[in-house]
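> Here it is: the structure, laid out below.
The values are calculated or read from the model by the stated rules, or taken from the named source; none is laboratory data. In this text the structure is predicted, and so the values were computed from the model without any measurement. No Cβ is skipped: glycine too gets one built from the backbone with ideal geometry, and neighbour counts run over all protein chains shown. Just the protein is used for accessible areas: all its heavy atoms, side chains included, with ligands, DNA and RNA removed. Shrake-Rupley method; radii C 1.70, N 1.55, O 1.52, S 1.80 Å.
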Amino acid sequence: MEWYEGEVQALERQREENPPPPEVVAFYGSSSIRLWSTLADDFPEVPVLNLGFGGSTLTACVHYFERLVPPCHPKVLLCYAGENDIGDGRSVDAIVGSFRELHQKVDRDLGPISFAYLSIKPSPLRWSAIDKIREVNARIRQEIRTRPESLFIDIHTPMLDDHGQPRRELWTEDGIHMSREGYHVWWQVVSAHRRRLGF
(Lines give C-alpha, C1' and ligand atoms only; values in the text may rest on other atoms or scores of the structure.)
Protein backbone atom coordinates (compact mmCIF):
# COMPACT_ATOMS: atom_id res chain seq x y z
CA MET A 1 0.00 0.00 0.00
CA GLU A 2 3.01 2.32 0.29
CA TRP A 3 2.67 3.14 -3.42
CA TYR A 4 -0.46 5.21 -2.65
CA GLU A 5 0.84 6.92 0.48
CA GLY A 6 1.97 10.16 -1.16
CA GLU A 7 -1.40 10.87 -2.75
CA VAL A 8 -3.27 9.87 0.40
CA GLN A 9 -1.16 12.23 2.50
CA ALA A 10 -1.81 15.01 -0.03
CA LEU A 11 -5.56 14.46 0.35
CA GLU A 12 -5.19 14.59 4.13
CA ARG A 13 -3.24 17.88 3.93
CA GLN A 14 -5.87 19.32 1.60
CA ARG A 15 -8.58 18.43 4.13
CA GLU A 16 -6.63 20.11 6.95
CA GLU A 17 -5.96 23.26 4.95
CA ASN A 18 -9.43 23.47 3.39
CA PRO A 19 -11.96 21.60 5.56
CA PRO A 20 -14.86 20.32 3.45
CA PRO A 21 -18.17 22.14 3.92
CA PRO A 22 -21.09 20.50 5.72
CA GLU A 23 -23.11 17.96 3.77
CA VAL A 24 -20.42 17.50 1.13
CA VAL A 25 -20.93 14.94 -1.63
CA ALA A 26 -17.74 12.88 -1.78
CA PHE A 27 -16.44 10.95 -4.78
CA TYR A 28 -13.98 8.23 -3.74
CA GLY A 29 -11.86 5.78 -5.69
CA SER A 30 -9.31 5.38 -8.44
CA SER A 31 -7.86 7.67 -11.11
CA SER A 32 -11.20 7.72 -12.95
CA ILE A 33 -12.39 9.78 -9.98
CA ARG A 34 -9.13 11.68 -9.45
CA LEU A 35 -9.06 12.84 -13.08
CA TRP A 36 -12.66 14.09 -13.02
CA SER A 37 -11.34 17.66 -13.17
CA THR A 38 -14.72 19.21 -13.97
CA LEU A 39 -16.49 17.63 -11.00
CA ALA A 40 -17.27 20.93 -9.26
CA ASP A 41 -18.45 22.50 -12.53
CA ASP A 42 -20.59 19.48 -13.36
CA PHE A 43 -22.42 19.68 -10.02
CA PRO A 44 -22.41 23.42 -9.24
CA GLU A 45 -25.49 23.30 -7.00
CA VAL A 46 -23.84 21.14 -4.32
CA PRO A 47 -20.48 21.03 -2.54
CA VAL A 48 -18.46 18.15 -3.98
CA LEU A 49 -15.18 16.64 -2.85
CA ASN A 50 -12.79 14.58 -4.98
CA LEU A 51 -11.14 11.83 -2.93
CA GLY A 52 -9.69 9.90 -5.85
CA PHE A 53 -6.13 8.61 -5.78
CA GLY A 54 -4.42 7.23 -8.84
CA GLY A 55 -4.18 3.53 -9.47
CA SER A 56 -6.21 2.64 -6.42
CA THR A 57 -7.87 -0.73 -6.10
CA LEU A 58 -10.88 -1.70 -4.03
CA THR A 59 -8.35 -3.16 -1.59
CA ALA A 60 -6.68 0.24 -1.30
CA CYS A 61 -10.04 1.95 -0.88
CA VAL A 62 -10.74 -0.37 2.04
CA HIS A 63 -7.28 0.20 3.53
CA TYR A 64 -7.42 4.00 3.43
CA PHE A 65 -11.13 4.42 4.11
CA GLU A 66 -10.84 5.50 7.76
CA ARG A 67 -8.17 8.07 6.94
CA LEU A 68 -9.91 9.63 3.96
CA VAL A 69 -13.68 9.36 4.17
CA PRO A 70 -15.16 9.59 7.71
CA PRO A 71 -13.16 12.74 8.64
CA CYS A 72 -14.96 14.57 5.79
CA HIS A 73 -18.44 13.72 7.15
CA PRO A 74 -19.99 13.31 3.70
CA LYS A 75 -23.72 13.55 3.15
CA VAL A 76 -23.42 11.22 0.15
CA LEU A 77 -20.57 8.95 -0.94
CA LEU A 78 -20.03 7.71 -4.50
CA CYS A 79 -17.28 5.22 -5.27
CA TYR A 80 -15.54 3.99 -8.41
CA ALA A 81 -12.98 1.23 -7.90
CA GLY A 82 -12.41 -2.37 -8.94
CA GLU A 83 -11.07 -1.91 -12.45
CA ASN A 84 -7.46 -1.90 -11.27
CA ASP A 85 -8.16 -5.05 -9.26
CA ILE A 86 -9.15 -6.65 -12.58
CA GLY A 87 -5.91 -5.40 -14.12
CA ASP A 88 -3.94 -6.87 -11.22
CA GLY A 89 -5.45 -10.29 -11.91
CA ARG A 90 -7.40 -10.60 -8.67
CA SER A 91 -10.16 -13.18 -8.61
CA VAL A 92 -13.84 -12.29 -8.75
CA ASP A 93 -14.34 -13.60 -5.23
CA ALA A 94 -11.45 -11.49 -3.91
CA ILE A 95 -12.74 -8.32 -5.58
CA VAL A 96 -16.28 -8.85 -4.33
CA GLY A 97 -14.86 -9.58 -0.88
CA SER A 98 -13.08 -6.22 -0.88
CA PHE A 99 -16.27 -4.49 -1.92
CA ARG A 100 -18.18 -6.22 0.87
CA GLU A 101 -15.59 -4.99 3.38
CA LEU A 102 -15.84 -1.43 2.04
CA HIS A 103 -19.63 -1.56 2.11
CA GLN A 104 -19.58 -2.67 5.73
CA LYS A 105 -17.23 0.19 6.65
CA VAL A 106 -19.57 2.70 5.02
CA ASP A 107 -22.42 1.44 7.18
CA ARG A 108 -20.31 1.20 10.33
CA ASP A 109 -18.51 4.54 10.12
CA LEU A 110 -20.94 6.78 8.22
CA GLY A 111 -24.31 5.50 9.35
CA PRO A 112 -27.36 5.56 7.08
CA ILE A 113 -25.97 7.95 4.45
CA SER A 114 -26.60 7.42 0.75
CA PHE A 115 -23.83 5.39 -0.90
CA ALA A 116 -23.48 4.63 -4.60
CA TYR A 117 -21.12 2.26 -6.36
CA LEU A 118 -20.38 3.06 -10.00
CA SER A 119 -20.02 -0.16 -11.97
CA ILE A 120 -16.71 -1.09 -13.57
CA LYS A 121 -16.51 0.52 -16.98
CA PRO A 122 -15.81 -1.46 -20.20
CA SER A 123 -12.39 0.04 -20.95
CA PRO A 124 -10.88 -1.00 -24.29
CA LEU A 125 -7.61 -1.85 -22.54
CA ARG A 126 -9.43 -4.33 -20.29
CA TRP A 127 -11.66 -5.81 -23.01
CA SER A 128 -10.00 -9.22 -22.80
CA ALA A 129 -11.37 -9.41 -19.23
CA ILE A 130 -14.88 -8.25 -20.10
CA ASP A 131 -16.55 -11.46 -18.85
CA LYS A 132 -14.82 -11.04 -15.51
CA ILE A 133 -15.82 -7.38 -15.36
CA ARG A 134 -19.45 -8.29 -15.99
CA GLU A 135 -19.37 -10.98 -13.32
CA VAL A 136 -17.90 -8.59 -10.75
CA ASN A 137 -20.51 -5.97 -11.61
CA ALA A 138 -23.33 -8.50 -11.27
CA ARG A 139 -22.03 -9.76 -7.93
CA ILE A 140 -21.58 -6.26 -6.52
CA ARG A 141 -25.07 -5.33 -7.66
CA GLN A 142 -26.32 -8.19 -5.44
CA GLU A 143 -24.15 -7.04 -2.51
CA ILE A 144 -25.55 -3.51 -2.80
CA ARG A 145 -29.02 -4.83 -2.07
CA THR A 146 -28.01 -5.76 1.48
CA ARG A 147 -28.12 -2.08 2.51
CA PRO A 148 -31.26 -0.02 1.81
CA GLU A 149 -29.37 3.28 1.53
CA SER A 150 -26.99 1.94 -1.13
CA LEU A 151 -27.37 2.14 -4.89
CA PHE A 152 -25.66 0.40 -7.82
CA ILE A 153 -25.17 2.83 -10.71
CA ASP A 154 -24.63 1.23 -14.11
CA ILE A 155 -22.15 3.38 -16.04
CA HIS A 156 -20.99 0.29 -17.98
CA THR A 157 -23.92 -0.05 -20.40
CA PRO A 158 -24.09 3.62 -21.51
CA MET A 159 -20.41 3.42 -22.49
CA LEU A 160 -21.11 0.71 -25.10
CA ASP A 161 -22.23 1.27 -28.67
CA ASP A 162 -25.14 -0.44 -30.43
CA HIS A 163 -22.91 -3.46 -31.13
CA GLY A 164 -21.92 -3.90 -27.50
CA GLN A 165 -18.43 -2.50 -28.00
CA PRO A 166 -16.77 0.36 -26.11
CA ARG A 167 -17.52 3.77 -27.57
CA ARG A 168 -13.97 4.81 -28.41
CA GLU A 169 -14.69 8.53 -28.20
CA LEU A 170 -15.29 8.08 -24.46
CA TRP A 171 -11.66 7.13 -23.78
CA THR A 172 -8.27 8.71 -24.26
CA GLU A 173 -5.66 7.01 -26.42
CA ASP A 174 -4.49 4.73 -23.59
CA GLY A 175 -7.86 2.93 -23.64
CA ILE A 176 -8.38 3.16 -19.89
CA HIS A 177 -8.69 6.81 -18.88
CA MET A 178 -11.67 8.80 -20.04
CA SER A 179 -12.07 11.71 -22.41
CA ARG A 180 -14.26 14.73 -21.64
CA GLU A 181 -17.04 12.92 -23.53
CA GLY A 182 -16.65 9.96 -21.18
CA TYR A 183 -17.05 12.16 -18.13
CA HIS A 184 -20.09 13.75 -19.72
CA VAL A 185 -21.70 10.29 -19.86
CA TRP A 186 -20.85 9.75 -16.19
CA TRP A 187 -22.35 13.12 -15.32
CA GLN A 188 -25.56 12.27 -17.18
CA VAL A 189 -25.89 8.87 -15.49
CA VAL A 190 -25.10 10.11 -11.98
CA SER A 191 -27.44 13.09 -12.45
CA ALA A 192 -30.30 10.71 -13.21
CA HIS A 193 -29.87 9.24 -9.70
CA ARG A 194 -29.42 12.45 -7.74
CA ARG A 195 -32.93 12.52 -6.31
CA ARG A 196 -32.60 8.94 -5.11
CA LEU A 197 -29.24 9.77 -3.49
CA GLY A 198 -30.51 12.96 -1.92
CA PHE A 199 -28.35 15.61 -3.50
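> So which residues in the stretch 171-199 are among the hydrophobic types (A, V, I, L, M, F, W, C) and open to solvent by less than 40 Å² (accessible area, probe 1.4 Å), if there are any at all? First the steps, then the outcome.
Narrowing the stretch 171-199 to residues among the hydrophobic types (A, V, I, L, M, F, W, C): 171, 176, 178, 185-187, 189-190, 192, 197, 199.
Of everything in the stretch 171-199, those that are among the hydrophobic types (A, V, I, L, M, F, W, C) and open to solvent by less than 40 Å² (accessible area, probe 1.4 Å) turn out to be 171, 176, 178, 185, 186, 189, 190, 197, 199.
> Quick test of your reading of the structure: residue 115 fulfils all but one of (1) part of a helix (DSSP H, G or I); (2) surrounded by 17 or more Cβ atoms within 10 Å (Cβ to Cβ). Name the failing condition by number.
(1)
> Another one. Within the group 128, 179, which residue is at pLDDT 95 or above, of a type in the set (Gly, Ala, Ser) and in contact with an Asp or Glu (Cβ under 7 Å, 6 or more places away or on another chain)?
Details: 128 fails: in contact with an Asp or Glu (Cβ under 7 Å, 6 or more places away or on another chain).
Only one candidate qualifies: 179.
> Would you mind finding the one in 121, 105 that is under 17 Å from the mean Cα position of the chain (by Cα) and over 25 Å from residue 185 (Cβ atoms)? Quick ask: steps written out before the conclusion?
Values: 121 fails: over 25 Å from residue 185 (Cβ atoms).
When all the criteria are applied, what remains is 105.
> What strands (runs of 3 or more DSSP E) lie completely within the stretch 19-93 and have 1 or more residues being open to solvent by less than 10 Å² (accessible area, probe 1.4 Å) and out of contact with any Lys or Arg (no Cβ under 9 Å at 6 or more places or on another chain)?
Where strands (runs of 3 or more DSSP E) fall fully within the stretch 19-93 and carry at least 1 residues being open to solvent by less than 10 Å² (accessible area, probe 1.4 Å) and out of contact with any Lys or Arg (no Cβ under 9 Å at 6 or more places or on another chain), they are 25-29, 76-80.
> Hey, another quick one. Does the stretch 118-142 hold any residues that are open to solvent by 20 Å² or more (accessible area, probe 1.4 Å) and charged (D, E, K, R), and which are they?
126, 131, 132, 134, 135, 139, 141 - these are the residues of the stretch 118-142 that are open to solvent by 20 Å² or more (accessible area, probe 1.4 Å) and charged (D, E, K, R).
> Of all residues in the stretch 118-156, which are touching a residue at least 24 places away in the same chain (Cβ under 8 Å), part of a helix (DSSP H, G or I) and within 22 Å of residue 182 (Cβ to Cβ)?
124, 125, 126, 127, 129, 132, 133, 136, 140
> Could you say whether any residue in the stretch 97-108 is buried (at least 20 other Cβ atoms within 10 Å of the Cβ) and over 28 Å from residue 172 (Cβ atoms)?
Kept after step one, since they are buried (at least 20 other Cβ atoms within 10 Å of the Cβ), are these residues of the stretch 97-108: 98-99, 102-103, 106.
Then drop every residue that is not over 28 Å from residue 172 (Cβ atoms), which leaves 103, 106.
Among the residues of the stretch 97-108, at least one is buried (at least 20 other Cβ atoms within 10 Å of the Cβ) and over 28 Å from residue 172 (Cβ atoms), which makes the answer yes.
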